[in-house]
Amino acid sequence: MPEKEIRFRDRRDAGQVLAESLAPFADRDDVIVLALPRGGVPVAHEVAKALRAPLDVFVVRKVGVPGHEELALGAIASGGIRVVDSELAHALRLTEQDIETLIAHEQRELERREAVYRQDRPTFPELRDKTVILVDDGLATGSTMRAAALALRAESPAQLVIAVPVAPPETCLAMREVADAVVCARTPEAFYAVGVWYRHFDQTTDAEVRELLMDADHELRAGAATDDKQSDTTMEHAVTIHDGRLALEGTLTLPRERSGVVLFAHGSGSSRHSPRNHFVAEQLQHAGFATLLLDLLTAEEEAVDARTRAFRFDIALLAKRVVLAVDWLEALPETRTLPLGLFGASTGAAAALVAAAARPTVVNAVVSRGGRPDLAGEALHVARAPTLLIVGAHDDVVLELNEQAISEMRAPAKLVVVPGATHLFEERGALKQVARLAAAWFDRHLAGVPIDGSASSSDVRELRT
């Protein structure tokens, strides 16, 4: 088994390591990063972010020989790409109709996956004369990567680069037959399997694929907007909040013009890198709010929690960390004069409410996205900050828990149910609705509106939008 120190923590870590080897491709207009879904997407997301290049998925389906499906007759892929081994087809005496029938079967599955992953994204990008960096989370035999590379060749890219965090030396060497360049960050002789080289190798979900693609689009647009404005309207800082031996890592973003600051309280195994919270934070920044995205657990605690879930429901611990961050923002010159709001997701919402109860004169508003306010305990009766609870209409269990919690709250509160949305708000437009609602709530309650300690009957209700 590989030594712990040479294994990747997760796919995100692997992507960051791989990106270092691809640094010469950064800031080039001709570069595009394509990921093989699903596991290749988190890796490619980090590569695209580091290179400041567009990201898309490249879905490929092998067309197998009837009765010997492991033998590739050809492949079809995103963008209407199709490659057929005409010599093999002739040798097998396959007619044009035979080939079309085989392709049609795989085409249906390809279109289904395209619809799941890409949804409302624009048409597949033009690859002719582009430098294409094709990324996966690792290679074993490399058969899928080879099929993808051969399919891409049909689009006449100027350069095709295969890039993976880990693969056996012989596979990396073999990939040179189908690519102009091959970048393998690590090439262990004793390979075993791709997953062995990751400490956390959970399956990437369809929802995560969509969120990472969306996040990459927003990162790219935000970067372009920043360049257009001479990079002087928003400043992003990596920060560390200390309390004795405890060190929490975060990202503080300060728009030049800001009317408040919003601290994000993550929960249920999430972190400051959550694509969903990144999206909401970006929208709040555009609305004139500084944001602090913070890891409420240390790296060691995250590793334990990933295995045991020991910390994600420890509301007292999470709330203590939120309070620590609130006090830190209160002391920071750039934010101490700004009204403060808390944005909590999942169990982080309960931690936010407990923190609001602990700092009633400092926390001016709370927003919960798919949260668990029911876990806040006595804080439901004590907290006085105006609170907005946002829940997906199809998140039945959490919706019921939010309805119970709001009936116990003494603060001005509203429950907004987003139609068609599930727990992660992964449906088209759902997360944008969350961001709009949050921005409006903070705009209203971080503008110096006094908290009178009571809630009117018109404020405490369920509002369906």
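The values are calculated or read from the model by the stated rules, or taken from the named source; none is laboratory data. Everything numeric in this text was worked out from a predicted model, so none of it was measured. Positions of Cβ are generated from backbone atoms using ideal geometry, with glycine treated the same way; all protein chains shown enter the neighbour counts.
List of remarks:
Conditions (1) of a type in the set (Asp, Glu); (2) closer than 21 Å to residue 432 by Cβ; (3) not assigned by TED's automatic domain parsing to the domain that holds residue 397, marked per residue:
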| residue | (1), (2), (3) |
| --- | --- |
| 274 | no, yes, no |
| 283 | no, yes, no |
| 286 | no, yes, no |
| 316 | no, no, no |
| 327 | yes, no, no |
| 330 | yes, no, no |
| 344 | no, yes, no |
| 348 | no, yes, no |
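- Residue within the stretch 359-368 that is of a type outside the set (Ser, Thr, Tyr), within 24 Å of the chain's Cα centre (by Cα) and in the same structural domain as residue 446 (by TED's automatic domain parsing) present: yes
- Yes/no for residue 46 being in contact with a helix residue (DSSP H, G or I) (Cβ under 6 Å, 6 or more places away or on another chain) and either closer than 19 Å to residue 211 by Cα or not in a strand (DSSP E or B) (or both): yes
- If you go through the stretch 185-196 and pick out every residue that is hydrophobic (A, V, I, L, M, F, W, C) and either under 19 Å from residue 150 (Cβ atoms) or part of a helix (DSSP H, G or I) (or both), you end up with 2.
- From the list 444, 436, 428, the one residue that fits, being of a type outside the set (Gly, Ala, Ser), at pLDDT below 75 and either assigned to a loop (DSSP other than H, G, I, E, B) or surrounded by fewer than 17 Cβ atoms within 10 Å (Cβ to Cβ) (or both), is 428.
- Filtered by the rule that a residue be more than 23 Å from the chain's Cα centre (by Cα) and among the charged types (D, E, K, R), the stretch 169-204 gives 170, 176, 177, 180, 186, 189.
- Flag if residue 108 is in the same structural domain as residue 193 (by TED's automatic domain parsing), assigned to a helix (DSSP H, G or I), over 23 Å from residue 21 (Cα atoms) and within 32 Å of the chain's Cα centre (by Cα): yes
- Failed condition for residue 304, given (1) touching an Asp or Glu at 6+ places or on another chain (Cβ under 8 Å); (2) aliphatic (A, V, I, L, M); (3) surrounded by fewer than 22 Cβ atoms within 10 Å (Cβ to Cβ): (1)
- Of the residues 403, 334, the single one that is more than 23 Å from residue 291 (Cβ to Cβ), of a type in the set (Asp, Glu), in the same structural domain as residue 445 (by TED's automatic domain parsing) and surrounded by fewer than 21 Cβ atoms within 10 Å (Cβ to Cβ) is 403.
- Qualifying residue in the stretch 295-317 (condition: within 25 Å of residue 355 (Cα to Cα), modelled with pLDDT of 85 or more and of a type in the set (Ser, Thr, Tyr)): no
- Set side by side, the residues 154, 181, 148 differ, and just one is surrounded by 20 or more Cβ atoms within 10 Å (Cβ to Cβ) and closer than 24 Å to residue 28 by Cα, which is 148.
- Unmet criterion (only one of (1) part of a loop (DSSP other than H, G, I, E, B); (2) touching a Phe, Trp or Tyr at 6+ places or on another chain (Cβ under 8 Å); (3) among the aromatic types (Phe, Trp, Tyr)) for residue 311: (2)
Matching residues to (1) in contact with a Gly (Cβ under 8 Å, 6 or more places away or on another chain); (2) without any contact (Cβ under 8 Å) to a residue 60 or more places away in the chain; (3) in a loop (DSSP other than H, G, I, E, B); (4) of a type in the set (A, V, I, L, M):
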| position | (1), (2), (3), (4) |
| --- | --- |
| 37 | no, no, yes, no |
| 63 | yes, yes, no, yes |
| 83 | yes, no, no, yes |
| 116 | no, no, no, yes |
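- Some residue of the stretch 76-88 being closer than 22 Å to residue 203 by Cβ and out of contact with any helix residue (DSSP H, G or I) (no Cβ under 6 Å at 6 or more places or on another chain): yes
- Any pair with Cβ under 8 angstrom, 6 or more apart, that starts in the stretch 136-152 at a residue that is farther than 14 Å from residue 81 by Cα and touching a residue at least 24 places away in the same chain (Cβ under 8 Å) and ends at one that is part of a loop (DSSP other than H, G, I, E, B) and aromatic (Phe, Trp, Tyr): 140/191
- Members of the stretch 364-415 found to be of a type in the set (Lys, Arg), assigned to a strand (DSSP E or B) and farther than 25 Å from residue 335 by Cβ, listed by number: 414
- From 391, 418, 382, 363, residue being farther than 23 Å from residue 285 by Cα, out of contact with any Asp or Glu (no Cβ under 7 Å at 6 or more places or on another chain), surrounded by 17 or more Cβ atoms within 10 Å (Cβ to Cβ) and not small (Gly, Ala, Ser): 382
- Scope the stretch 11-35; condition in a helix (DSSP H, G or I) and either basic (Lys, Arg) or under 22 Å from residue 204 (Cα atoms) (or both); matching residues: 11, 12, 13, 14, 15, 16, 17, 18, 19
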